[in-house]
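Q: Questions regarding the structure given below will be posed in turn.
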Amino acid sequence: MAFYRHFCERPDFKISVATNNPDIFNYEVPYQFSYFSTNKIWQRIVRTRLNRWIYSSAHLTWGNVVPSQIVKQAIDFKPDVVLTVAGSWSWSARMAGVLAKKLKIPLVGSFNDWWYYNLIYHPATEKWIERSFRKFYQKCDLALCTSEGMRDELGPHKNAIVFYPSGALMSPNELIKKTDKTDKTKKIFTVAFAGNIGEWYGKMLESLITLAKDNLKFRIFGNNPNWSEEFLARATQSGIYRGHIAFEELRQEMLEVDVLLLPMGFDESSAQIERTSFKTKFLDYLSFSKPILVWGPEYCSAVRTATEFDSADICTVQDPKTCMEGLVALRENPDRRQQIVNNAQRMYESRFHPDKIHQLLVDAIGGLISPR
């Protein structure tokens with residue numbers, strides 16, 4: 001979605017896409033694309049008990065040959081650069097590097113997530129895959145790091161920039177709107193979350209919502225909840241879980257909520273991911289002009305940024321009871337909610353306005369191609 005905002009919703013770039021993600025057929029996209037896929041033998045063997053080894057082999061060795069259809073597409077299109085999403089890691093990134101070398105044009109790598117996020121691999125191959133990931137970073141003529149944490153972890157580079165995801169634009173009305181100072185007679189206080197409900201995020205939300213009292217209501221929007229069957233049934237029947245909806249519809253739903261919740265994982269298994277990522281939903285939240293509560297460890301990017309700008313209340317304790325206490329405290333303090341919204345607007349204008357982030361990309365890619 002972040003790159004769609006740069007390449008499709010704005011006029012500065014013209015793109016041609018090659019992808020191995022079949023989800024592209026579910027959408028009407030405003031660009032030319034080619035789809036390349038693995039063969040039937042591969043699709044069969046990855047369903048066996050050896051699948052982690054097979055995937056690891058692909059991560060380490062595939063991508064050195066570019067399909068002829070992709071080469072032809074690129075030659076006809078005459079691109080100035082080749083851009084690929086390299087993080088989390090994919091062998092298709094290596095293929096993009098081979099294509100850039102063949103065309104003798106710059107390679108741009110976007111490092112949105114740490115290499116193993118959502119990746120299937122065998123733990124015995126971890127150090128070799130990470131080495132490939134880091135080696136690819138050094139090969140890029142321009143490396144787009146989604147946060148300071150990502151750039152710090154990947155290390156020195158000849159041309160690496162911090163390139164935050166692009167959130168939604170605030171409308172003029174939202175820029176001047178004051179947050180609703182909830183009437184003391186209002187009995188229901190609504191907390192909303194919008195985003196990925198899988199992995200640790202779903203479990204965190206389940207543990208928190210289970211503690212909710214009658215005067216505090218949740219609305220959850222998103223895909224892939226990994227909740228228990230009992231909780232999923234309860235959340236669906238009660239209207240807590242609203243499923244995935246279009247962004248403009250979500251914007252309308254946000255008019256009815258009081259606080260937005262942003263959970264970040266506490267477990268050691270997610271620590272590196274939360275240090276290096278920057279959640280697009282944090283920036284989308286800014287566009288809704290609602291107070292935000294970030295629930296996550298001190299080292300995660302969302303907590304660090306929110307602390308810098310005082311743009312959200314923060315709970316750095318994993319216990320959901322403590323997070324619930326923070327939500328209740330916000331419910332009782334309308335002045336603090338207004339302060340958060342004001343500070344979040346300053347955060348948006350000073351560093352995270354989509355126009356500023358987009359211009360950074362335009363300038364960075366322009367700097368690559370202007371000498372040519």
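The values are calculated or read from the model by the stated rules, or taken from the named source; none is laboratory data. Just so you know, these numbers come straight off a predicted model, no measurement behind them. Please note: Cβ atoms are built from the backbone with ideal geometry, for glycine as well, and neighbour counts cover all protein chains shown. For accessibility, only protein heavy atoms count, side chains too; no ligands or nucleic acids. Shrake-Rupley method; radii C 1.70, N 1.55, O 1.52, S 1.80 Å.
Q: When segment 108-128 is examined, which residues are found to be touching a strand residue (DSSP E or B) at 6+ places or on another chain (Cβ under 9 Å) and either more than 17 Å from Leu154 (Cα to Cα) or open to solvent by 10 Å² or more (accessible area, probe 1.4 Å) (or both)?
A: Asn112, Asp113, Tyr117, listed by residue number.
Q: Identify, please: which residue in segment 329-365 is exposed (fewer than 15 other Cβ atoms within 10 Å of the Cβ) and among the aliphatic types (A, V, I, L, M) and is, among those, nearest to Pro263 (Cα to Cα)?
A: Looking at residues that are exposed (fewer than 15 other Cβ atoms within 10 Å of the Cβ) and among the aliphatic types (A, V, I, L, M), I get Ala329.
Q: Does Cys315 qualify as being without any contact (Cβ under 8 Å) to a residue 24 or more places away in the chain and closer than 13 Å to Pro263 by Cα?
A: Spelling it out, Cys315 is indeed without any contact (Cβ under 8 Å) to a residue 24 or more places away in the chain and closer than 13 Å to Pro263 by Cα.
Q: Take Leu50 and decide whether it is closer than 24 Å to Arg131 by Cα and open to solvent by 90 Å² or more (accessible area, probe 1.4 Å).
A: yes
Q: If you take just the helices (runs of 4 or more DSSP H) that sit entirely in segment 264-323, which of them hold at least 1 residues that are touching a Gly at 6+ places or on another chain (Cβ under 7 Å) and closer than 18 Å to Gly198 by Cα?
A: Fully inside segment 264-323 and qualifying: 268-276, 280-287.
The rows are residues; the columns are (1) within 24 Å of Ser207 (Cβ to Cβ); (2) under 20 Å from the mean Cα position of the chain (by Cα); (3) assigned by the TED database to the domain that holds Leu208.
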| position | (1), (2), (3) |
| --- | --- |
| Trp295 | yes, yes, yes |
| Tyr299 | yes, yes, yes |
| Ser311 | no, yes, yes |
| Thr322 | yes, no, yes |
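Q: Of all residues being among the charged types (D, E, K, R) and touching a strand residue (DSSP E or B) at 6+ places or on another chain (Cβ under 8 Å) in segment 203-234, which is most open to solvent (accessible area, probe 1.4 Å)? Just the residue, please.
A: So, considering only residues that are among the charged types (D, E, K, R) and touching a strand residue (DSSP E or B) at 6+ places or on another chain (Cβ under 8 Å), the one most open to solvent (accessible area, probe 1.4 Å) is Lys217.
Q: Of everything in segment 227-246 that's farther than 17 Å from Thr190 by Cβ and touching a residue at least 24 places away in the same chain (Cβ under 8 Å), which residue is nearest to the chain's Cα centre (by Cα)?
A: Top of the filtered list is Trp227.
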